[in-house]
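Structure record follows, encoded as structure tokens.
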Amino acid sequence: MAITPSNPHDALFRRVLGQPANATSQLRRVLPEAVAARMDWKRLELMSCSFVSEELRSSYCDLAFRTTCDGRDAFVYLLVEHQSCPDRLMPLRMLGYITGLWNHYRAKNPKAVTLPLVVPIVVHANSTGRPWSSPMEIADLYDADPEVRQILEPHLPRFQFLLDDVAAVDFPTLQARKLAQPVQMMFYLLKTDLRDADLETVVQKLKPLEEAIRTTASAPDGVDALIPYLTYILLTSEVSVRDLGPYLERITPRAKEALMTTGERIRASAYSEGRAEGHSEGHAEGRAEGRAEGQASGIAIGEANARAQDLTDLLTVKFGPLPAHILGIIHVGTTTEQKAWMQRLLTATTLDEVFAD
């Protein structure tokens, strides 16, 4: 069961680093210290990625941020690569994204005669432990004799992105980074192989996160804050809500509360997908499951579906048929998020403006 944008890895990355405070802790770590000191982190703002084609956005998870450097406009383009075999053409892709952002900037500022800084960063995060092995410099992609390349070097594009090779970093080194706790939790899960893991394995692998789970759950918005991580765990392992419940309750009852909410939202999303695709078997399963879980659960799911469906209908009227990843975002969103999206819908001109946090 895949949940937005294209898989659980991307969904977790977007939900965590889409928050400017979390992104700041990560970007300050990756950027050269002298540059990070000159960025205005208080003005860091997640922006629309409408300059990137839908085809490319469906292949990669990306985030773009706007701020200033020494008082001048500056942008940071952040992309995550979680495949075990990184894309060899990544420098070309990143250059295309940056060119798209520059063109977007020029369209918004037609009198500008200079280009803003765009800092390209690739985060390589997976559970293999293998370091990045593909080119980072576009010049390494040129198919030409070395002597010819050297002669033409002043006339050929040169470009290299910044790389945060989280996949090759061990856990103690990762813990030593000065990162916000949500980012630490995200990287830990992305580096932990939960594929086909049973309950005993999942519990063993989650032990280093127990204190972070307890701390997160204790915050006023702790239940909602835990949902992205629990969604990732449920969708990448073989454990169920029923399996995981007693373990999380031992950590803190609020963690179990978050788990139950997560389970309802995943189920609601699955029901919506089944309805949208016209799968009669999905409808039958949903009705049987609703009877088994009782009237209270059915009402909760119905209310969640109703809110999501209303928002889906309004967005469709304004922007046309919605991409699959947008449908997923709607159905896993909290009540507070759905209300905020509804308000933004009134003035937004693009889908990215509606869902930019």
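What follows draws every value from the coordinates through simple rules; no lab data is involved. None of these values were measured; they are calculated from a predicted model. Cβ placement follows ideal geometry from the backbone for every residue including glycine, while neighbour counts extend to all protein chains displayed.
The amide H of Val119, built 1.01 Å from its N in the peptide plane, has Phe75, Val76, Tyr77 as neighbours under 5 Å, considering only residues 5 or more places off or on other chains.
Net charge dipole, segment 116-174: roughly 180 debye, given to the nearest 20, about the Cα centre with Cβ charges of +1 for Lys and Arg and -1 for Asp and Glu. Residues in segment 230-243 carry Karplus couplings, in order, of 5, 4, 4, 4, 5, 7, 10, 10, 9, 7, 10, 4, 5, 5 Hz; the curve used is 6.51 cos²θ - 1.76 cosθ + 1.60 with θ = phi - 60°, and Gly or Pro positions show x. Summarising the label geometry, the points placed 7 Å from Cα in the beta-carbon direction at Asp165 and Glu337 lie 3.3 nm from one another.
Placing unit charges on C-beta atoms (Lys and Arg positive, Asp and Glu negative, everything else neutral), compute the dipole magnitude of segment 161-249 about its Cα centre in debye, rounded to 20.
Working: 8 positive and 14 negative charges, 51 e Å.
Using Cβ point charges on Lys, Arg, Asp and Glu, segment 161-249 gives about 240 debye.
Sequence-ordered 3J(HN,Hα) estimates for segment 177-185 from the Karplus curve with 6.51, -1.76 and 1.60 and θ = phi - 60° stand at 5, 8, 10, 4, 4, x, 6, 4, 4 Hz, glycine and proline given as x. The relative contact order of segment 152-247, computed from alpha carbon pairs under 8 Å that lie at least 6 residues apart in sequence, is 30 percent.
The mean sequence distance of close C-alpha pairs (under 8 Å, at least 6 residues apart), as a share of the length of segment 56-210, puts its relative contact order at 22 percent. For segment 188-253, the orientation-averaged shadow of the C-alpha convex hull comes to 4.0 nm² (one quarter of the hull surface). Look at the dipole of segment 91-180 built from charges on Cβ: of Leu92, Pro154, Ala144, the Cα furthest out on the positive end belongs to Leu92.
Karplus-based coupling profile of segment 248-256, in residue order and whole Hz: 5, 5, 5, 6, 5, x, 5, 5, 5, with θ = phi - 60° in 6.51 cos²θ - 1.76 cosθ + 1.60 and x standing for Gly or Pro. Here segment 75-212 is treated as an ellipsoid with the same Cα gyration tensor; its semi-axes, largest first and in whole Å, are 37, 21, 12. A simple spin-label model places pseudo-atoms 7 Å from Cα toward Cβ; at Val148 and Asp196 they are separated by 4.7 nm. Taking packing as the residue-averaged number of other Cβ atoms within 10 angstrom, the listed peptides 107-114, 246-253 run from highest to lowest as 246-253, 107-114. Put a plus charge on the Cβ of each Lys and Arg, a minus charge on the Cβ of each Asp and Glu, and nothing anywhere else: the dipole of segment 84-213 about its Cα centre is then about 700 debye. Over all pairs of different C-alpha atoms, segment 71-121 has a mean inverse distance whose reciprocal, the Kirkwood radius, equals 12.3 Å.
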